[in-house]
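Asks: What follows is a single structure, and I will ask about it in a moment.
The values are calculated or read from the model by the stated rules, or taken from the named source; none is laboratory data. The shown structure was predicted, so the numbers you read here are calculated from the model rather than taken from an experiment. Using ideal geometry, Cβ is built from the backbone for each residue, glycine included, and neighbour counts are taken over all protein chains shown.
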Amino acid sequence: MTARAAMAALLFGGLSASLAVRASAQGEVSTLTVTGGSTATFANPTLADYVAGFIDGPTINFTASTVGGGAQARTLTVEICAASATLGSGKALSKLMWQPTDNSLPYQSITTGCSAAGIVSTRVVGAQAIARGSSWSGGVRLRMILDWTDTAASYGTGIIMALTVTP
């Protein structure tokens, strides 16, 4: 049995809340708690950022945990995706990159579609098999690729963090 829960309340233009999502499977409650850092927005790019071709943005931290259920370990998988197809003002969504804070993956473009059934490997931030009453924590760094033509006052999309629980 697979339980899946998603949260779409994080905007990288204003991320500073702690939110939780719960999913139940066989008497088990799994929770994904998501928090942002103290600075939640991309700074205004400097000339050095344009020369580098990118600007680093906020880090999204999370804790996935499980309580209840049987003694069998569960695998908790955390995925990330965007709520809209663009960053606005003509900027392609593919210009928003993400990387797990443990550096287990290189930076890659964020995609839409967390509502699609099943786990999609290009969205997986991390997965851990954990025992009842345990938790694991991780995070995601955001980076925006800059073009010399980027002149809008801001760009943005909602960020969705999804938790999938599998036996």
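Asks: Is there a residue being touching a Ser or Thr at 6+ places or on another chain (Cβ under 9 Å), at pLDDT 95 or above, under 17 Å from GLY57 (Cβ atoms) and hydrophobic (A, V, I, L, M, F, W, C) anywhere in segment 97-106?
Replies: Looking only at segment 97-106, we keep the residues that are touching a Ser or Thr at 6+ places or on another chain (Cβ under 9 Å), and these are 97-98, 101.
Next, from what is left, pick out any that are at pLDDT 95 or above: 97-98, 101.
Pick out the ones that are also under 17 Å from GLY57 (Cβ atoms) and you get 97-98, 101.
Adding the requirement that they be hydrophobic (A, V, I, L, M, F, W, C) leaves 97-98.
Yes - at least one qualifying residue is present in segment 97-106.
Asks: From the list ALA162, ALA82, ALA64, ALA129, which residue is of a type in the set (A, V, I, L, M, F, W, C) and surrounded by fewer than 18 Cβ atoms within 10 Å (Cβ to Cβ)? I'd like the intermediate steps shown before the answer.
Replies: On the way: ALA162 fails: surrounded by fewer than 18 Cβ atoms within 10 Å (Cβ to Cβ); ALA82 fails: surrounded by fewer than 18 Cβ atoms within 10 Å (Cβ to Cβ); ALA64 fails: surrounded by fewer than 18 Cβ atoms within 10 Å (Cβ to Cβ).
ALA129 is the lone residue from the list that is of a type in the set (A, V, I, L, M, F, W, C) and surrounded by fewer than 18 Cβ atoms within 10 Å (Cβ to Cβ).
Asks: Same structure, new question: Please tell me if ALA82 is under 28 Å from SER154 (Cα atoms), of a type outside the set (S, T, N, Q) and free of Cβ contacts under 8 Å to residues at least 40 places away in the same chain. Talk me through it step by step, then tell me what you get.
Replies: Details: under 28 Å from SER154 (Cα atoms): yes; of a type outside the set (S, T, N, Q): yes; free of Cβ contacts under 8 Å to residues at least 40 places away in the same chain: no.
Answer is no for this residue.
Asks: Residue by residue through segment 102-133, note down the ones that are under 24 Å from THR86 (Cβ atoms) and of a type in the set (S, T, N, Q).
Replies: Matches in segment 102-133: GLN108, SER109, THR111, THR112, SER115, SER121, THR122.
Asks: Which number in (1) modelled with pLDDT under 90; (2) in a strand (DSSP E or B); (3) surrounded by fewer than 18 Cβ atoms within 10 Å (Cβ to Cβ); (4) not aliphatic (A, V, I, L, M) marks the one condition that SER38 misses?
Replies: Only one criterion is unmet by SER38, namely (2).
Asks: Then there's this: Closer than 26 Å to ASN44 by Cα, crowded, with 16+ Cβ neighbours inside 10 Å and of a type outside the set (Phe, Trp, Tyr), is that true of ILE119? Spell out how you get there, then give the answer.
Replies: Working: closer than 26 Å to ASN44 by Cα: no; crowded, with 16+ Cβ neighbours inside 10 Å: yes; of a type outside the set (Phe, Trp, Tyr): yes.
Taking the combined requirement at face value, the residue does not satisfy it.
Asks: Here is a list: ASP102, ASP49. Which entry is loosely packed, with under 15 Cβ neighbours inside 10 Å and not polar (S, T, N, Q)? If you could, list the steps in order and put the result at the bottom.
Replies: Details: ASP49 fails: loosely packed, with under 15 Cβ neighbours inside 10 Å.
That would be ASP102, the only listed residue that is loosely packed, with under 15 Cβ neighbours inside 10 Å and not polar (S, T, N, Q).
Asks: Could you list, in sequence order, the residues of segment 132-158 that are at pLDDT below 90 and buried (at least 19 other Cβ atoms within 10 Å of the Cβ)?
Replies: Within segment 132-158, TYR155, GLY156, THR157 qualify.
Asks: Can you name the condition, by its number, that LEU93 falls short on among (1) more than 16 Å from MET161 (Cβ to Cβ); (2) of a type in the set (A, V, I, L, M, F, W, C); (3) loosely packed, with under 15 Cβ neighbours inside 10 Å?
Replies: (3)
Asks: Please pick out the residue among ALA82, ALA92 that is at pLDDT below 95, on the phi < 0 side of the Ramachandran plot and over 16 Å from the mean Cα position of the chain (by Cα). Give the steps one after another, and end with the answer.
Replies: Working: ALA82 fails: over 16 Å from the mean Cα position of the chain (by Cα).
When all the criteria are applied, what remains is ALA92.
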